[in-house]
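Taking it in order: structure first as structure tokens, then the write-up.
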Amino acid sequence: QAKLTPWDAGESQPPLREVIESGGIHFPRQGRVLVPGCGPGYDVFYLASALNMDVLGLDVSETAITKAKSLMSSFGNSGTGKVSFISEDFFHHKREEQFDLIYDYGHVSFAMSIPEPSFHDLISFFIVIPPTRRTEWAQQMASLIKPQGYLITLVFPIDPPTDLGPPFFVRVEHYEEVLDGSFKKVLDKVPTTSLPSHVGKERIVVWERI
């Protein structure tokens with residue numbers, strides 16, 4: 001029987017909704033969006049609805065993609081945005097057409113029909129990839145995002161420094177170190193809508209592709 005792990009909040013991330021709906025940044029309302037490490041796809045469904053854009057959810061975990069596809073009939077599409085999902089490693093994703101927006105959150109996925117998820121069933125993003133691969137992450141982001149396109153990053157967990165991980169502790173500065181030269185920071189704020197377990201441990205940061 002399908003089981004969700006504690007990492008599955010059952011909804012799109014509140015800080016993502018906050019930054020999209022605040023009106024502070026005029027995000028594109030047409031084009032393509034990528035959500036790598038999409039897990040069960042809640043953020044994919046939200047972005048397709050809120051922005052009326054076509055959104056691709058990408059995840060290395062076939063379990064996550066299966067779950068996301070199973071939810072498509074429940075969430076459907078509000079507006080004109082379409083959703084699709086594929087199981088693929090972000091670092092191996094080949095650019096066919098650049099994206100207008102990418103949303104990156106250190107989303108730890110879940111395994112269904114598995115009593116205890118093993119590490120290979122946990123997928124992740126900036127916070128879970130080895131720090132030595134962060135430059136590669138930034139290069140791939142720069143390759144996939146159009147000039148004047150946006151990268152939304154939910155920086156979490158902002159915990160005390162430690163060598164342990166994943167997830168690895170992060171700071172906004174860690175993103176700046178690898179994105180500098182390809183992106184400019186246009187928003188950096190503490191969300192007012194964080195989940196209870198995230199309060200005081202996250203920031204929402206938006207970058208524009210130079």
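Readers should treat all values here as calculations from the given coordinates under stated rules, not as data from a laboratory. Here the structure is a predicted model, which is why all the values come from computation and not from measurement. As a convention, Cβ positions derive from the backbone with ideal geometry for all residues, glycine included, and neighbour counts pool all protein chains shown.
Just a few scattered comments:
- Local charge for LEU101 was computed over the other residues whose Cβ lies under 12 Å away, with Lys and Arg +1 and Asp and Glu -1, and equals -1.
- Built amide H within the under 5 Å cut-off of ILE145, gap 5+: PHE99
- Greater than 24 Å apart at Cα, pairs in LYS146/LYS184; LYS94/LYS201; LYS67/LYS146: LYS94/LYS201; LYS67/LYS146
- Per-residue Cβ neighbour counts within 10 Å put LYS184, LYS201, LYS94 in the sequence LYS94, LYS184, LYS201, beginning with the fewest.
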